[in-house]
Amino acid sequence: MTPCASRLRTLCLALSLTTASLAAQCAVWSDALRQHIERIDKATPGRMGVYIKRLDNGERFAYQADRPWYLGSTTKLPIAIAVLQEVQAGKLSLSQTVTLQDTDKVDGSGNVVWQKSGTTYSVDALLKRMLMESDNTAANLLIRTIGEDTLNQRARDYFGASGFNRLTNFTQVRREVYSELHPAARDLRNQDLVQLAARPLGPQRVDALARTLSISKAELRVKTMEEAYARYYARQVNSASLSAYGDMLERLVTGKLVGPQHLQGLFTDLKFDTYDAYRLEAGLPRTVRFIHKTGTQLGRACHMGVINPQDGGRAAIIVATCAEELDEQREAGRAFEQIGRAITETMLGGARGK
């Protein structure tokens, strides 16, 4: 064997050993993480899905990540991206004002719903309210501004046709849920929806709906809000796979969806500079940066985010997780915190910090 051939053989062997070592390291963290996730899922009512990807080496972890999950308010991030893309295309400006109408108002987080119709907001202010306060009425205003068809055309690009179903405004969500009890609910006014939300989400809400529609309870197609929501979720509207949502997050932090200036503003609105110890974040070290958006609806919860999204996502970890058929507050919150702790132990050196 010539000296040159000998050196080449040594180099190839070294590369082979390095590749094998990296593969083994990947197997170690992903296998350890899977054990954590399976244990958490087993101890938590309902079902859970998790998608994680390291952008430094492309390794990914998927647990029930390729089936559709109801997204709830995590749809507000693709709404924000679509709005910013319209700004970049010159079709909209952040300083442009939008006027609140009665038909924008819907119950849920935020206080825009309680403002007088005719009140004006800048697009930038609405983005902040939608993301930082999860304001549903602000989201409705932005969807009306760019158009629902435009939103869905852009979202299909983020998610891919196979991992995505249609997004609607939040008024439509309410009407479609109530229509599972009675089809006349599709004609409810926005004011009716806000008033119905003042009643507890249970038998009292069903009674209030029957009174609003001037029908007897015997005319209802289903008898409980739980049944109505279950039938609505089965339509898979406002749903996507976690892997598709994760792909969107990856494209976002690597600068493929919005430009640098808008990306930094988006990071701020997604709480890049704050620590709330909420859900996933409660299990992560305080020392890491985490942009994120949560979503909650009856029996459904999601938490989507990116650990260390800065620097073009070079060291970023994409996290997308949802749970269903459980208490969307206490049980979901505990499960997501445990997932955060599992990520910390298997991928972040185990130290949560103070």
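The table that follows gives values for the structure above.
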item	result
Cα-based radius of gyration of segment 197-354 once divided by 2.2 N^0.38 Å, which approximates compact folds	1.29
Stretch gain in nm, segment ARG235-SER93, where the contour uses 0.36 nm per residue and the Cα spacing is subtracted	47.6 nm
Highest-fluctuation residue, LEU201, LEU127, LEU100 considered, GNM on the chain with Cα pairs under 10 Å	LEU201
Scattering curve values for segment 170-273, log₁₀ I(q)/I(0), Debye with Cα scatterers, q = 0.14 Å⁻¹	-0.68
Debye intensity ratio I(q)/I(0), log10, segment 135-180, q values 0.26 Å⁻¹ (C-alpha model)	-0.96
At R0 = 30 Å, FRET efficiency that the Cβ-Cβ distance of ARG47 and ASP102 yields, to 0.05	0.20
Spread of Cα-to-Cα distances over 10 Å intervals beginning at zero, given as percent, for segment 95-146	30, 65, 5
Accessible area (Å², per residue) of segment 179-330, counting only protein heavy atoms and a probe of 1.4 Å	41 Å²
Relative contact order, percent, the chain [alpha-carbon distance under 8 Å, six or more residues apart]	23 percent
Set of aspartates and glutamates with alpha-carbon distance to LYS53 below 16 Å, sequence-local pairs under 8 removed	ASP31, ASP66, ASP247, GLU250, GLU345
Karplus 3J(HN,Hα) series, Hz, for segment 133-139 with 6.51 cos²θ - 1.76 cosθ + 1.60 (x for Gly, Pro)	10, 6, 6, 5, 5, 4, 4
Shape call, segment 76-178: gyration tensor on alpha carbons, a/c limit 1.5	oblate
Degrees, to the nearest 10: 76-88 long Cα axis against longest axis of the chain	80 degrees
Aspartates and glutamates whose Cα lies under 16 Å from that of LYS271, excluding same-chain neighbours fewer than 8 positions away	ASP124, GLU133, ASP135, GLU281
Those lysines that a straight Cα-Cα span of less than 28 Å connects to LYS217, excepting residues fewer than 8 apart in one chain	LYS105
Difference of contour (0.36 nm per residue) and Cα-Cα distance, ARG199 to GLN115	28.2 nm
Scattering profile of the chain at q = 0.07 Å⁻¹ [log10 I(q)/I(0), Debye over alpha-carbon scatterers]	-0.34
Euclidean distance of C-alpha centroids, segment 184-214 and segment 230-249, integer Å	26 Å
Estimated distance in nm for a label pair at GLU227 and ARG39, the labels positioned 7 Å out from Cα along Cα-to-Cβ	4.1 nm
Relative contact order of segment 39-129, pairs being alpha-carbon contacts under 8 Å that are 6 or more residues apart, as %	18 percent
C-alpha center-to-center spacing [segment 148-166, segment 42-92] in angstrom	12 Å
Heavy-atom accessible surface of the chain: percent carbon and sulfur, 1.4 Å	49 percent
Approximate spin-label separation ARG211-GLN329, in nm, with each point projected 7 Å along Cα-to-Cβ	2.3 nm
All-pairs alpha carbon distance profile, segment 41-98, 5 Å steps from 0, percent	4, 13, 13, 16, 15, 13, 10, 9, 5, 2
Unit charges on C-beta of K, R, D, E only; dipole of the chain, Debye	340 debye
THR150-ARG314 pseudo-label distance in nm [points 7 Å out on the Cα-to-Cβ vector]	3.6 nm
Bins of 5 Å from zero: percent of alpha-carbon pairs in segment 246-333	3, 14, 25, 22, 17, 11, 6, 1
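The values are calculated or read from the model by the stated rules, or taken from the named source; none is laboratory data. Nothing here was measured: the structure is a model prediction, and the numbers come from that model. Heads up, the Cβs are rebuilt from the backbone with ideal geometry, glycines too, and the neighbour counts pull from every protein chain shown. SASA here: full protein model, heavy atoms, side chains in, ligands and nucleic acids out. Shrake-Rupley method; radii C 1.70, N 1.55, O 1.52, S 1.80 Å.
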